[in-house]
1. For chain B, rounded, prolate or oblate, judged on the Cα gyration tensor with a ≥ b ≥ c (square roots of eigenvalues), a/c < 1.5 rounded, else prolate if a/b > b/c?
2. When a/c reaches 1.5 or more, the comparison of a/b and b/c decides; with that in mind, is the stretch B:410-513 rounded, prolate or oblate per its Cα gyration tensor?
3. Could you work out Rg/(2.2 N^0.38 Å) for the stretch B:171-281, with Rg from alpha carbons only?
4. Report the gain in length on full extension from residue A:221 to residue A:2: 0.36 nm times residue separation, minus Cα-Cα distance, nm rounded to one decimal.
5. From the square roots a ≥ b ≥ c of the eigenvalues of the alpha-carbon gyration tensor of the stretch B:251-385, which class results: rounded (a/c under 1.5), prolate (a/b over b/c), or oblate?
6. Determine, for each peptide in A:268-277, B:424-433, B:46-55, the mean count of other beta carbons within 10 angstrom over its residues, then list the peptides with the highest first.
7. Could you quote the convex hull projected area for the stretch A:6-73, Cα atoms only and averaged over all directions, in nm²?
8. Shielding by partners for A:195-207, please: the mean number of other protein chain Cβ atoms within 10 Å of each residue's Cβ.
């Protein structure tokens, strides 16, 4: 069967290799010092979406992202790997959103897209690490959700079979569609960009990204696929009160620097009792599980 | 994240070479594809941007997939199971990544599914893949066999095979046999035409076939019964889907373990004739070999770069006598010479690739329409330059890759001899470069006529006419001094009646030629980009002085009777 698949993807600062200037004096993320990347687990989700598309001829994959105009790069990265389309939610009214306002905005956009079979995103983003957005989107749309997915194994009779990564093993579940799936980082890595697709879409931009002196402006008229869809709060019939800062009950009270320091040391022999004691201690401390 | 393309500004430097304009113009035929294909460039800058993007993808895959897999691939190697070759498991990951990325059929026209890229950026991709894993570069870069099929096959064959290669099917060129290595005229694999089935059948054995269990083979076989020389040989296409060829043995090699070297048995294997009979060796295999030699030159530069990287990193990291060893003259001397050979070698590689691009694009245009007299002249000139430069680029770079891999180990000291370090793999992998696709000794044979007929001297003099920056004036003057000695040495050898002596001294003339041309090339590069090449230009010209003066003295003092001292 042909599926309409929407990938939820976020542009995030690359927090994997942070230097000293990663935080501002006020304790917020210094976005200028960190390169903006496609959130890694959203990449894993994109790969699952593209595989699902390949296994179900006629399916389409679209990238839905919210952010400033430059977040359109996430859509381009999706197109380079085989996505068919994308939507950029961009509006000052969306800015400052916590997970609640984000999931509201995404859910509203998904309603506007309409008839979506599979909504798939990463488990969590590396800047917030909340893992809340996927489940909240499912809740708002009244859909089933499968979290910690590692592989979509099959799609039959309007149901998906999915392998989940759980503590100490894996679990296989079946779900009806439409469904929201969040993908774990242990899933297959995403495929590389495709040369022809990069050549085709390299100048694809959202209107708000464009400047008047941009070269090749004439191409935008000749080639409609070079114009990415960009939606404001009004475009998705959103309630401004539920978007951005006004829709975000989360308040940051304080940000603290935490430095891990070893305070004590223990010397263990290689004896079985010592090893057993260590294991028990680590289990009790919930360091291993 | 590491990227073997964007980490090295040299690639962009060569992509921006002034000759690229002409190459793109010819290759893109006035950008005629832009209205038919979404991925076709609209102008010159757009084309260069496309090449950069493709190299960026290649550099990413090379650094983050192929290189991390290379050690496992080297340790596992391919397997022979029931007459079929199975790659090392991670080779399949590499293949999958390059296929998903669409890095197959790179130089083929868009109408067959290719990227229509010139040989120059393709060679860059090849260098990048080789820097990650030279063995995998073999499997991947054998895609350029499709050039030969495109040039000499008929339209039906093009339509049948080119899209398959663009989708990632692999190729091999089945030339060597147990008794026909360097001397391919001895090929015995038999091709018989069946009037009944209206097709050819192949019978016999091929040996040392790189990627020998590929999907599509180009096979050199004897179609003319009773003949014994090259004129009885034709080229055939064997499609693995038709069956009839099994793998009897996979060689255990010193290096490039990921690249399977197969012995093949042909038993009534159905095949298609490519081009005309009797032209197999004389024309088609020569074309195939020239392409393959450029491929090995790129492979060699990739390994030279990897060896330099390993040596440099270790020398910076390793401390002895309370200081990093890179601070010792004996160590930075080695590193500087490695870098100079790498830079000068890369310069001649891309100069050769540009020559090949111009003549090949003109050849291709000639298939569509009659060339103008100016174009014909241009085609002739660049064909000759490509033929002359290919043996220099292949021979010198393959020797440099070996020298750099040797020095990389030397810098590592005892650790370099330990299998856990990458340098040992580079050293083993490089060893074949100066052997296959024509040994260095055969590159000398291919080059010698251009030495004696003055082709090289002509281009050297043309290069001496060009302006260089102030800081390069002295190096240019010093190189000019070498040219005078070179001319004298060439004349001494040319005017000698003794053929043995001529052959004996040929290698020295060859090296003098290459040293001078590479000096002039790196001087030009340093004129345009001093920040990248000034040091290497200084080091390389000094190296050339050492070599050329040494060879000059040797040749000048050499007498025919001295040959006796060398004979076993």
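Coordinate-derived values only; no laboratory data. What you see is a predicted model; the values in this text were computed from it and never measured. Neighbour counts run over all protein chains shown; Cβ positions are idealised from the backbone, glycine included.
1. In terms of gyration-tensor shape, rounded.
2. Cα axes put the stretch B:410-513 in the oblate bin.
3. 1.01
4. 75.8 nm
5. oblate
6. Highest to lowest by the protection proxy: B:424-433, B:46-55, A:268-277.
7. Convex hull of Cα atoms, orientation-averaged projection: 5.3 nm².
8. Averaged over the peptide's residues, the number is 6.
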